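Take a look at the structure below.
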Amino acid sequence: MMRIAILLGLFSLTLAGQQVTSGDLVSANENAANWVTYNGSYDSRHYRELDQIKTSNVSNLELKWVWQAHSLEKFESCPLVVDGVMYVVQMPNDVVALDARTGREFWRYEHVMQGRQNVCCGRVNRGLAMLGERLFMGTIDGKLIALDAKTGALEWERELVDPEGGYSLTTAPLVVKDKVVLGTAGGEYGIRGWLAAFSPENGEELWRFWTIPAPGEPGHETWKGDAWQRGGGSIWLTGSYDPDLDLMYWGTGNPAPDWNGDVRPGDNLYTDSVVALDPDDGKLKWHFQFTPHDVWDYDSVQIPVLVDREWQGRQRKLMLWGNRNGFFYVLDRSNGEFLLGKPFAKVSWASGLDAKGRPMRTEGAEPSRGGVRTWPSVQGATNWYAPTYNPETGLFALSTWEYASVYHKGDPEYTRGNRYIGSLPRGVWPDVRKDENPGYGEIQAIDPETGEARWRYRMTGISESGLLSSSGGLIFSGSLEGYFFALDAKNGELLWRANLGGRMANTPITYTAEGQQLVTVAAGNSLFTFGLRE
């Protein structure tokens, strides 16, 4: 087995002192120069108090540097920036340290995969976590590794799952206090999902929460027979954390098999849910299930956005959630109470939500042998790409896909390591020449108080890019066609754009280097960094 750390140039003086403490993670919003965790901060707002780049001068943005990855895989990783050094994952599992100001490469760690890996949607990795002078990454071949952030040297490695059984690690870990937390992907392979905490010193497992409860555990009654043993419930996006409540929030993936629920009658907890866990022991404090007994693959792994604001006349600790199933939700994150739910895209699988937030399903919308056209599509009304909350406008913005899929029902058969899905939808990519309602992509900003869109920015295509907002009054995002653009956060007006020539499937970040505000985004197989013209 080979692990390589390639050191480039005179790095020792440049990288001395880069570290992240647990206090830095708690106060991440107060140090806008850095981007120290996948979602930027524990509240996952993807917002920064930086206004050097603003509505009045964004037209003066120019390209500062480009870093070309040595990989042709889809670039979904979100970089970290710590005191002038950028750490990013080159697909599928190489870690690179760059000068955040110039893009100069300091070192590169190459992880060589072993054995067979089974992944549903590309050999992707969404990023890193950092604590002290260590970087942490999960790998597609099932390992949690720790690297020395100064040199890229491997400090330890722990095998967590068997990739030949359909398990993989694709999410960026979350560091909470003295623990590294992550879960397993593999929902299309009949896995049994889990989330676990590990020691940053040696990778020892400290606790585990199973997203599919076993006999005798609360929630097991929502499964029948032995379906729970291969029930899905994967974890493939990073959760959020409230230090005041001392609660973590993680979204869970679809039940398995995806498009045939006959073999798993019941609500199938805790799939398609948000789970609130105690970070010290992994105990479940509350849960909310968005799509009980999902048969459309509406994973609820979207990023929980945590906001403290007035709700109907009094201050509340809120969780804002644009769900793949097409509904926008507001929950009380202290106890999981359902406060609001409204569709933000066309929804035909449910006629609405009841007083407790449970969907009222539409008869005839489930997959069938002949196929049923249902909104939203299998891609969802939104998906893994991050939303943003701007405290100045008070609006929650997200990328939206507006179209349907034709859902077919097949006969799934479980074989370890093979897909366990029960057919495959079609019609995900609408034909604009033939389809009277071909669908489209847009960014919309929602008022959390009402669930109504305040503005919409319609795109000629669709987007897999997350959103970034700043106190300069801007929202940055990108498109599949390769356009990187900036909108006015107040009204959605297009203020600037540049064609980078490649698909965008990650979330832009902003930070400062030597006093200059920069914005970085991945397009195609490269990182592009912009700043104001000097």
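Can you tell me which residue in region 94-122 is nearest to Glu155 (Cα to Cα), limited to those that are among the polar types (S, T, N, Q) and in contact (Cβ under 8 Å) with a residue 60 or more places away in the chain?
The residue in question is Gln114.
In the set Ser368, Ser377, which member is over 29 Å from Asp242 (Cα atoms), modelled with pLDDT under 95 and either crowded, with 20+ Cβ neighbours inside 10 Å or touching a Cys at 6+ places or on another chain (Cβ under 8 Å) (or both)?
Testing whether each residue is over 29 Å from Asp242 (Cα atoms), modelled with pLDDT under 95 and either crowded, with 20+ Cβ neighbours inside 10 Å or touching a Cys at 6+ places or on another chain (Cβ under 8 Å) (or both) leaves just Ser377.
A quick yes/no check of all residues on (1) among the aliphatic types (A, V, I, L, M); (2) not in a strand (DSSP E or B):
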site: Gly472; (1), (2): no, yes
site: Ile475; (1), (2): yes, no
site: Arg503; (1), (2): no, yes
site: Asn506; (1), (2): no, yes
site: Leu518; (1), (2): yes, no
site: Ala522; (1), (2): yes, no
site: Thr529; (1), (2): no, no
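Restricting attention to region 441-477, which residues are polar (S, T, N, Q), within 25 Å of Leu527 (Cα to Cα) and out of contact with any Leu (no Cβ under 6 Å at 6 or more places or on another chain)? Lay out the reasoning, then the answer.
Of the residues in region 441-477, the ones polar (S, T, N, Q) are 444, 450, 460, 463, 465, 469-471, 477.
Then keep just the ones that are within 25 Å of Leu527 (Cα to Cα); that gives 460, 463, 465, 469-471, 477.
Scanning region 441-477 gives Thr460, Ser463, Ser465, Ser469, Ser471.
For region 76-127, give me each residue that is under 18 Å from the mean Cα position of the chain (by Cα) and charged (D, E, K, R).
Matches in region 76-127: Glu76, Arg123, Arg126.
Can you pull out the residues in region 71-90 that are at pLDDT 90 or above and not in a strand (DSSP E or B)?
Of the residues in region 71-90, the ones at pLDDT 90 or above are 75-90.
Correct list: Phe75, Glu76, Ser77, Pro79, Asp83, Gly84.
Give Glu49, Glu73, Glu62 a once-over and let me know the one that is surrounded by fewer than 18 Cβ atoms within 10 Å (Cβ to Cβ), under 18 Å from the mean Cα position of the chain (by Cα) and touching a residue at least 12 places away in the same chain (Cβ under 8 Å). If you could, list the steps in order and put the result at the bottom.
Values: Glu49 fails: under 18 Å from the mean Cα position of the chain (by Cα); Glu62 fails: under 18 Å from the mean Cα position of the chain (by Cα).
From the options Glu49, Glu73, Glu62, the qualifying one is Glu73.
Starting from region 471-485, keep only residues that are under 16 Å from Tyr440 (Cα atoms), then list their pairs with residues that are assigned to a strand (DSSP E or B) and basic (Lys, Arg) whose Cβ atoms are within a distance under 7 Å, requiring at least 6 positions of separation or different chains.
So the pair list comes out as Tyr483/Arg497.
Could you check how many residues of region 144-180 are under 21 Å from Ala97 (Cβ atoms), of a type in the set (Val, Ile, Thr) and outside any loop (DSSP other than H, G, I, E, B)?
Qualifying residue count, region 144-180: 3.
Out of region 386-424, which residues are open to solvent by 20 Å² or more (accessible area, probe 1.4 Å), under 30 Å from Arg456 (Cβ atoms) and either touching a Gly at 6+ places or on another chain (Cβ under 8 Å) or at pLDDT below 90 (or both)? Spell out how you get there, then give the answer.
So in region 386-424, the residues open to solvent by 20 Å² or more (accessible area, probe 1.4 Å) come out as 391-393, 402, 406, 408-409, 411-416, 418-419, 421, 423-424.
This time we only want the ones that are under 30 Å from Arg456 (Cβ atoms), so: 391-393, 402, 406.
Within region 386-424, Glu392, Glu402, Val406 qualify.
Given the options Glu481, Glu452, Glu464, Glu493, name the one that is out of contact with any Asp or Glu (no Cβ under 6 Å at 6 or more places or on another chain), at pLDDT below 95 and surrounded by fewer than 20 Cβ atoms within 10 Å (Cβ to Cβ). Break it down into steps so the answer makes sense when it comes.
Values: Glu452 fails: at pLDDT below 95; Glu464 fails: surrounded by fewer than 20 Cβ atoms within 10 Å (Cβ to Cβ); Glu493 fails: at pLDDT below 95.
Within the list Glu481, Glu452, Glu464, Glu493, the selection yields Glu481.
If you check Gly115 against the conditions, is it open to solvent by less than 30 Å² (accessible area, probe 1.4 Å) and among the small types (Gly, Ala, Ser)?
Against the criterion (open to solvent by less than 30 Å² (accessible area, probe 1.4 Å) and among the small types (Gly, Ala, Ser)), Gly115 does not qualify.
Any idea which residue in region 258-289 is farthest from Glu366 (Cα to Cα), counting only those that are part of a strand (DSSP E or B) and either in contact with a His (Cβ under 9 Å, 6 or more places away or on another chain) or open to solvent by less than 10 Å² (accessible area, probe 1.4 Å) (or both)?
At the first step, the residues of region 258-289 found to be part of a strand (DSSP E or B) are 273-277, 284-289.
Subsequent filtering for residues that are either in contact with a His (Cβ under 9 Å, 6 or more places away or on another chain) or open to solvent by less than 10 Å² (accessible area, probe 1.4 Å) (or both) retains 273-277.
Working: Ser273: 20, Val274: 23, Val275: 26, Ala276: 29, Leu277: 32 Å.
By that ranking, first place goes to Leu277.
The values are calculated or read from the model by the stated rules, or taken from the named source; none is laboratory data. It should be emphasised that the depicted structure is a prediction, and the values quoted were computed from it without experimental measurement. For neighbour counting, all protein chains shown are included, and Cβ atoms are generated from backbone atoms with ideal geometry for every residue, glycine included. Accessible surface is based on the protein model in full, side chains and every heavy atom, while ligands, DNA and RNA are left aside. Shrake-Rupley method; radii C 1.70, N 1.55, O 1.52, S 1.80 Å.
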